[in-house]
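See structure below.
The values are calculated or read from the model by the stated rules, or taken from the named source; none is laboratory data. Given the structure is predicted, the values throughout are model-derived calculations rather than measurements. Heads up, the Cβs are rebuilt from the backbone with ideal geometry, glycines too, and the neighbour counts pull from every protein chain shown. The area values use the complete protein model at the heavy-atom level, side chains included, leaving out ligands, DNA and RNA. Shrake-Rupley method; radii C 1.70, N 1.55, O 1.52, S 1.80 Å.
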Amino acid sequence: MKCVTVNVFAKEGTIAKIQGLEEIAKMPDCTLALLHGRVGEQCKADKAILDKICVFAFSSESVEQLKNDVDEAYSKLQIIDDMGNDMIYDRLVTSEILKWGDGNLR
């Protein structure tokens, strides 16, 4: 069994919309979908650790399925600021998940 946990951090701004986490939680391989942020929260970029908005995790025997799960989760998740901009700071490069099956983890 392989697992992936994705922490979603915010760019600077005020959160106007958080959408999709409920849909992610209903995905068959989802083992965790936890919301940390809230609408109206002001996120700052002047601290050592950015604001965590949510975290989700998946488990599967297939690295291909894990990659697909994370891709689907990213397609569902929206964190939008009060100016209409995407607030997700960074996304996991899901093609890297496929390397987990080759036995050469680093």
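Computed values, structure above
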quantity	calculated
Protein-only accessible surface order, largest first, of 60, 95, 75 at 1.4 Å	75, 95, 60
The chain - accessible surface per residue (Å², probe 1.4 Å)	60 Å²
Using θ = phi - 60° and Karplus 6.51 cos²θ - 1.76 cosθ + 1.60, couplings along segment 17-27 (whole Hz; Gly, Pro as x)	8, 10, 9, x, 5, 5, 5, 4, 4, 8, 5
Within straight-line cross-link reach of residue 67, lysines at Cα separation under 23 Å, skipping those fewer than 8 residues along the same chain	2, 26, 52, 76, 99
In sequence order, calculated HN-Hα J values of segment 83-96 (Karplus, 6.51, -1.76, 1.60; Hz; x Gly/Pro)	9, x, 8, 5, 9, 5, 5, 7, 10, 4, 7, 5, 4, 5
Nearest 10 degrees, 0 to 90: helix 63-76 Cα axis against the chain principal axis	20 degrees
Sum of side-chain charges, residue 16 neighbourhood, beta-carbon under 14 Å (Lys, Arg +1; Asp, Glu -1)	-2
Neighbourhood charge, 12 Å Cβ-Cβ cut-off, centred on residue 59 and excluding it, Lys, Arg +1 and Asp, Glu -1	-2
Shape metrics for the chain, restricted to C-alpha atoms - Rg then Dmax, Å	14.5, 44
Sequence-distant residues sharing a close amide H with residue 82 (under 5 Å, placed H)	14, 16
By accessible area with a 1.4 Å probe, ligands and nucleic acids excluded, highest first: order of 41, 22	22, 41
Computed magnitude of the charge dipole of the chain (debye, nearest 20; Cβ of K, R +1, Cβ of D, E -1)	240 debye
Contour excess over end-to-end distance, with Cα ends at residue 38 and residue 25 and 0.36 nm allotted per residue	3.0 nm
Relative contact order (%) - the chain, alpha-carbon pairs under 8 angstrom, separation at least six	38 percent
Cβ-derived FRET efficiency at R0 22 Å, residue 96 paired with residue 45, nearest 0.05	0.30
Estimated 222 nm signal from helices in the chain, with DSSP H stretches of n ≥ 4 weighted -39500 (n - 2.57), rounded to 500	-5000 deg cm²/dmol
Of the GluC sites (Glu not before Pro) in segment 47-101, those whose Cβ has at most 14 other Cβ within 10 Å and which sit in DSSP loop	61
Translational diffusion of segment 42-97, µm² s⁻¹ [Kirkwood Rh, Cα pairs; Stokes-Einstein; 25 °C; 0.890 mPa s]	186 µm²/s
